[in-house]
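Structure first, then comments.
Readers should treat all values here as calculations from the given coordinates under stated rules, not as data from a laboratory. The model shown is predicted, which means the values in this text are computed figures rather than measured ones. Methodologically, a virtual Cβ is constructed for each residue, glycine included, from the backbone with ideal geometry; neighbour enumeration extends over all protein chains shown.
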Amino acid sequence: MLFEELGFKYVGPIDGHNMHQLIDTLHNVRDYVERPTLIHVVTKKGKGYEKAEQNAVVFHGASPFCIDTGEFIKQETLAPSYTKVFGETLTRLAEQNDTIIAITAAMCSGTGLDEFAKKFPTRFCDVGIAEQHAVTLPLD
């Protein structure tokens, strides 16, 4: 009802892993032009690959890995990752400046903010997948 009240045609929720249902739904709404259409599609991260289903965070932005074992293929690199440099630098700066806060959208480890979150839990905010909340978050 919420989306209908906002002027959207709402369809769903649709199982995003059921390709026949998803394609049928897209065909059914493609020519609807009376108002915007919101299609609510539900998926599970890693669906179909058991190791990714069990550990979605690790496989979110996966590096090369062996599909049979799920083990990541180590790549030789001399330079630290951007993520590591960012997280360590922000944490170090936050130790010197208590006005620094960190806001992330469901990507604490993926953005290198794990250590920051542990050291400064009151200055860390994970807004989930609500990026729009991150830009309007009251900071007082």
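If packing is taken as the mean number of other Cβ atoms within 10 Å per residue, what is the order of 101-111, 125-135, highest first? Before the final figure, lay out each step's value.
Details: 101-111: 16.8, 125-135: 12.8.
Highest mean packing first, the order is 101-111, 125-135.
Just check the chain against the gyration tensor rule for me: Cα atoms, a ≥ b ≥ c as the square roots of the eigenvalues, rounded for a/c under 1.5, and otherwise prolate or oblate depending on whether a/b exceeds b/c. Kindly include the intermediate steps, with their values, before the conclusion.
Details: a/c = 3.32, a/b = 1.41, b/c = 2.35.
Note, shape of the chain comes out oblate.
For the chain, set up a Gaussian network in which alpha carbons nearer than 10 Å are linked by springs, and say which option among Tyr49, Tyr82, Tyr32 fluctuates the most.
Taking springs between Cα atoms under 10 Å, the residue moving most is Tyr32.
Count the lysine pairs in the chain that are 8 or more places apart or on different chains: how many have C-alpha atoms under 21 angstrom apart?
4
Gaussian network model of the chain, Cα springs within a sub-10 Å range: biggest mean-square fluctuation belongs to which of Glu88, Glu34, Glu50?
Greatest mean-square fluctuation among the candidates belongs to Glu34.
Count neighbours as other Cβ atoms within 10 Å of each site's Cβ, and list the trypsin sites (Lys or Arg not before Pro) in the stretch 17-51 that are DSSP loop with at most 10 such neighbours.
Hits after loop and neighbour filter: Arg30.
Estimate the FRET efficiency between Thr99 and Ala79 by the formula 1/(1 + (r/R0)^6), using the beta-carbon distance for r and 30 Å for R0, to the nearest 0.05. Intermediate values should be presented prior to the final figure.
Working: r = 30 Å, r/R0 = 1.01.
E(calc), rounded to 0.05, equals 0.50.
When a/c is below 1.5 the answer is rounded, else prolate if a/b is larger than b/c, else oblate, so apply that to the stretch 33-103 with a ≥ b ≥ c taken from the square roots of the Cα gyration tensor eigenvalues.
Working: a/c = 2.92, a/b = 1.22, b/c = 2.39.
It is oblate, given that a/c is not under 1.5 and a/b is not larger than b/c.
Indicate the gyration tensor shape class of the stretch 82-136 (rounded, prolate or oblate), computed on the Cα atoms with a ≥ b ≥ c the square roots of the eigenvalues: a/c under 1.5 is rounded; otherwise a/b larger than b/c is prolate and the rest oblate. List each step's numbers first, then the result.
Details: a/c = 2.02, a/b = 1.36, b/c = 1.49.
Here the stretch 82-136 falls in the oblate category.
At 0.36 nm per residue, minus the direct Cα-Cα distance, what do Leu26 and Glu50 gain on full extension? Give it in nm, one decimal, please. Don't skip to the answer; put the middle values down first.
Working: separation 24, 0.36 × 24 = 8.64 nm, distance 2.79 nm.
Between Leu26 and Glu50, full extension yields 5.8 nm more.
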